[in-house]
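Let me begin by presenting the structure, written as structure tokens, before commenting on it.
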Amino acid sequence: MTNEPLLSVRNLSLQVARTGVEVVKNVSFDIAAGEIFGIVGESGSGKTLATRALISLLPAPIRVIGGSVAYKGRDALSMKVPQLRRLRGGEIGVVFQEPMTSLNPSMTIGRQLEEGLQLHTKLSQEERRGRILAMLNRVGIRDPAGALTSYPHEFSGGMRQRIMLASVMLLKPALLIADEPTTALDAVIQRDVMELMVELTQAEGTAVLLISHDLPMVARYTHRIVVMEKGVIVEEGRTADLLDAPQRAYTKKLLSSLPFRGPTRTIDRTKAPMVSARDIVVDYGGRRSLMKKTTPKRALHGVSIDIHEGEVVALVGGSGSGKTTLGRTIAGLVRESEGNIRFGGRSRNDDWMDYRLNCQMVFQDPYSSLNPRMTIVALVEEALRLLPDLDAAAKRKRALETLEEVGLGFDYAGRYPHELSGGQRQRVAIARAIARRPKFLIADEPVSALDVTVRAQVLELLSDLQKRYGFSCLFISHDLGVVEQVADRVVVMQDGRIIEEGDRNTVFDSPKEAYTQRLLSAIPALDHNAQGGVTLKWRLEN
Amino acid sequence: MKNFTFNGLIGSILIAALLLSAALGLFWSPYDPMKLGFTARLEAPSSAHWLGTDEFGRDVLSRLLVGARASVWIGTLTVTFATVCGTLIGLVSGYARGWIDAVIMAVNNALLAFPGILLALGLLAVFGANQYGIIFALGIAYSPSMARVVRGAVLSLREREFIEASKVMGNGELYTMFRHILPNCVAPITVLATSMFGWAILSESALSFLGLGVPPPAPTWGNMLAAGRPFIEQAVWLGLFPGLAIALTLLGINLLGDALRDKLDPRMRGLK
Amino acid sequence: MLKFVLNRLLMALPTIVLVSVTVFALIRFIPGDPAALMLGDMAQPDQIAAMHSELGLDKSLPEQFLIWTGNVVQGDFGRSIVNDEAVLPLVVSRFLVSAEIVVVAVLLASLIAVPAGVIAAWRQNSLTDLALVGTATILLSIPTFWLGLLLLLWFGLKLSWLPVLGYVSVGSNLTGGLLYLVLPIMTLVIHEMGVLIRMARASTLEVLRLDYITHARAKGLSESAVLWRHAFKNAFGPTWTVIGLILGNLLGGIAVIETVFTIPGLGRLMVDSIFARDYPVIQGCLLFVSLSYVLVNLVVDLLYPLFDPRVVAE
């Protein structure tokens, strides 16, 4: 055996054909057989395009303008179509981010899995069937024989990603390209799928090229890592070294943007809570239409929660846990079927206007939460519309001041949302929410659509504002890392019920429930060191 | 970013030509379009009559110009009628939801269950075959499509977070509807209204061709084609020019509609 | 699956009822005594009185509607004012003439246009694509009655290849009948190709940018396997719906083509009846065509799961 790498990329450069913008510049890296190799970068770093180029699957406007890709010593960029097709699937397999759209919705699972085997092997039909069943079994599909004749929509996201993995690993490729393979999945499922992927590839001796924005996750599974920013590799090295002693400013910035445990604050909980929700039950879809009666689905089973003055309460749980429904019920966007909500000691039904004026919300998706046809300043000003004691000039002044406060200067005022980046839009949404000086803010996944470095800035902004104005906050998130940074108290939900709650330190350091433990095992505890590096410690691991 | 495409340019030129002809036809035409000229019947195109004369010796170009006016007028009124009715119905239906929505949409779907021009034919039987009968009939026939599109837009907008944000701010339903929902429906309404203008002109000429539209001697492109049909072998121009006018108008509208859709449809915008 | 079918059938019911109400109401909106309208100008007073009791005009509107529906269900669509023919057999015989033209035209247009649209999408922005879309847009913009006239002029009058006017039923004289159908079908095919090429292209484009297409390529599949096995089936759904709509719309709008080619079809019957104020026939045509339109769309809906199994689950 020589030391020739499995895949060798040299000075790869990509360009958008029409505009001439270089989206990937001089990227070089090697992957050895059987190795797990990571590429980390934020959106726009070119990491996905760079890997698509390896098997000539670039989207139409992008083209290769320089460099080489050698797979087992063969030039992969100039390969003829038949050779290239043997390479794709047979030698190099790909798993994409979106399990919901990566499987053909109108073709049975069995047919889709068989396709690759038919193309790349000479197995008989029975042999193919046997292999598929064995593989489905191995990736944890409960009824493999039944799955063969099922369609993708009959499976959950996590199951579909397992099927994707099965479809790729069936062909025993030498290299697996996994592009954000678990980003669309719930934290708990994320971990299971990653472990499965590592186990399968190690067993077959398959090398993995793992691409993600999630540095801790990549660090956990890889031997070596490269960090990309704006189409360029800024740093590369052994994973442990890179984390411990980062050399480049961008890497340090990435590491320092990782969430860490915020200071422990003392909250006065002797007074009556600011917001108090009691025995909230929410049923969905129990409508009787002309045609049929649909049985209601219970989203919340009698949930109670208190939020005190100046307190940040985090609501955590996976998708379907009911955390968003609870937040929206408290915001008054979902009508509770049973239970009551009190604000400032009074039932909120007594004075809805008072509640509306004092309770504001920041939404998850900054692309959807701002009316695209209004200017930035008009968006913030609208929040002041119903304030009785401000005239038009004062409202404009307040809006501009608030924008300034969230870091958007005067020249942003006249722009429209589509002219702003995601982080800037979320700042506008925050400005809109706090312009009225509310006593209570609901933040529903406010940073989960943002890149790592932007996320850190927005979190910092939120906690600065919270300190300055002292509003209470219900912070809803699936990301426990973020929660550890901002929350005073943590409430864990599962299947429409609260299963655990307590002070942040208590819940994070000694979780009682198995579900909480599983959630926590998906995120690392960080120790920052003097060189700007970090040590990742995975919780609850032996 | 390409703001305006080649398609949009050609479309705009064709539509501008249509509007100019219609405006011109309002004030001036080479000859009196109604004046009979028994000495100059079925004359081929010449320097005196650029597009020839018809079986009564009337100047074809003059009649086409006046016909353009009729097409634009009927198209505009029909689209206005359908847009106003359809938008109101769609807004109310999408915003009210519940049983109001169910009832409105049931009626709407029933009207949509009449294929295209058939409902217009039925309504013409009621209103009588004349210019305003056509406008009413087509307006009623097209309103349900507009209502469905607006309702769809309203329903999908309602799911957007900025509508919820407006609710959380304490804004009333009417305010939210006119400040946040309606302005964001403008794009689909514009796209559909553009196509409707084309449908209206096509349907008007088809109905006039059938003899159910604007009655002769007032010229429209459709009834000119119908009148020219028996003479088509001797006088090809009678069958050629009115049809060409309709086809170029429709081509202009289709191209402009495509350009508008590419520009206004947010799904397409995201792709660039 | 059974639930899906039942659900779709149930959903069609209110539409059918409301369509019937609309057709019923339309005629009642015409000023004047419905009984007199139904009998025409030559009616005798005793005939009108008999019609009064037959239509139940002394009863309430809902009751009148029920009487009318009852008659319709039994196949009694009334009698023509003009020649006292029973309406239903008349409508059905004319419908068959129109349907053979429309069905053949839509079938041919789909067979040509759908593959063309898929290929245009696959070669997006290439010369092939531009040529196909450009042609489609032009075809779409040519009104059928004008196109029909031009074809008639060229193939019928100038070249004398095909008969110009008239109609012979295919049943009585196969080759002769077919010759009369060539031009009308050709006209419709050319026009509808424009619509379908664009539709097939647009829905294929939607599908081609999805992840599973890239994934199919990443598996090593050939371009033709990606296009026809993976993209086509998923892209065909929306086009399939449009084919249904076109079929129905043509049945409603065939009058112009029948006028150009002097074919005694349903559209011509309807227009002639409007001229003659033959209200029972107008009503019969309206009801028959709109109900067949509902039926066509229902069938289209029921077959949709063949292209997209997800709709059954909803």
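Structure notes:
- Hey, A:ARG111 buried (at least 19 other Cβ atoms within 10 Å of the Cβ) and not hydrophobic (A, V, I, L, M, F, W, C) or not: no
- When each of A:ILE330, A:ILE305 is tested for being part of a strand (DSSP E or B), modelled with pLDDT of 90 or more and either more than 28 Å from A:LYS467 (Cα to Cα) or more than 9 Å from chain B (Cβ to nearest Cβ) (or both), the lone residue that passes is A:ILE305.
Here's the yes/no breakdown for (1) away from chain B (no Cβ under 14 Å); (2) more than 31 Å from the chain's Cα centre (by Cα); (3) aliphatic (A, V, I, L, M); (4) assigned to a helix (DSSP H, G or I):
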residue: C:LEU6; (1), (2), (3), (4): yes, no, yes, yes
residue: C:MET11; (1), (2), (3), (4): no, no, yes, yes
residue: C:VAL19; (1), (2), (3), (4): no, no, yes, yes
residue: C:PHE24; (1), (2), (3), (4): no, no, no, yes
residue: C:HIS52; (1), (2), (3), (4): yes, yes, no, yes
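- Selected residue (only one of C:MET199, C:MET186, C:MET193 is touching a Pro at 6+ places or on another chain (Cβ under 8 Å) and at pLDDT 85 or above): C:MET199
- Among the residues of segment A:444-458, none qualifies, meaning not one is small (Gly, Ala, Ser), within 28 Å of B:ALA187 (Cα to Cα), open to solvent by 10 Å² or more (accessible area, probe 1.4 Å) and without any contact (Cβ under 8 Å) to a residue 24 or more places away in the chain.
- Residue match in segment B:1-24 (condition: at pLDDT below 80, within 24 Å of C:ASN125 (Cα to Cα), of a type in the set (A, V, I, L, M) and loosely packed, with under 15 Cβ neighbours inside 10 Å): yes
- Condition met for B:ALA226 (over 30 Å from B:VAL126 (Cα atoms), in contact with a helix residue (DSSP H, G or I) (Cβ under 6 Å, 6 or more places away or on another chain) and within 13 Å of chain C (Cβ to nearest Cβ)): no
- Consider segment C:210-224 and keep the residues that are outside any loop (DSSP other than H, G, I, E, B), in contact with a Lys or Arg (Cβ under 9 Å, 6 or more places away or on another chain) and more than 14 Å from A:MET164 (Cβ to Cβ). The one that is nearest to the other protein chains (Cβ to nearest Cβ) is C:ARG217.
- Condition broken by A:ILE442, with the remaining ones in (1) facing another protein chain (nearest Cβ under 9 Å); (2) in contact with a Lys or Arg (Cβ under 7 Å, 6 or more places away or on another chain) satisfied: (2)
- Figure legend. Inter-residue proximity from segment C:219-234: first residues open to solvent by 60 Å² or more (accessible area, probe 1.4 Å), second residues not in a helix (DSSP H, G or I), beta-carbon distance below 7 Å, spacing 6+ or different chains. Indicated pairs: C:LYS233/A:SER106; C:LYS233/C:PHE307.
- Residue satisfying all of: in segment C:295-310; in a helix (DSSP H, G or I) and within 14 Å of chain A (Cβ to nearest Cβ); least open to solvent (accessible area, probe 1.4 Å) among these: C:PRO305
- Candidate set: segment B:122-171, residues that are open to solvent by less than 10 Å² (accessible area, probe 1.4 Å) and of a type in the set (Val, Ile, Thr); chosen: the one farthest from the other protein chains (Cβ to nearest Cβ): B:VAL150
- Among strands (runs of 3 or more DSSP E) entirely within segment A:21-139, having at least 3 residues that are farther than 22 Å from A:SER167 by Cα singles out A:22-31, A:36-41, A:62-71.
- Selection within segment A:463-475 - in contact (Cβ under 8 Å) with a residue 40 or more places away in the chain and assigned to a helix (DSSP H, G or I): A:SER463, A:LEU465, A:GLN466
- Residue in segment C:239-246 that is in contact with a helix residue (DSSP H, G or I) (Cβ under 8 Å, 6 or more places away or on another chain), crowded, with 23+ Cβ neighbours inside 10 Å and within 10 Å of another protein chain (Cβ to nearest Cβ) present: yes
- Among the residues of segment A:65-92, those that are within 14 Å of another protein chain (Cβ to nearest Cβ) and of a type in the set (Gly, Ala, Ser) comprise A:ALA76, A:GLY89, A:GLY90.
- Which listed residue is more than 23 Å from the chain's Cα centre (by Cα) and either open to solvent by less than 40 Å² (accessible area, probe 1.4 Å) or among the β-branched types (Val, Ile, Thr) (or both), from B:GLY90, B:GLY52: B:GLY52
The values are calculated or read from the model by the stated rules, or taken from the named source; none is laboratory data. Bear in mind that the values here come from a model prediction, so they are computed numbers and not experimental data. Cβ atoms come from the backbone with ideal geometry, glycine included; neighbour counts cover every protein chain shown. Surface areas here come from the heavy atoms of the whole protein model, side chains and all, with no ligands, DNA or RNA. Shrake-Rupley method; radii C 1.70, N 1.55, O 1.52, S 1.80 Å.
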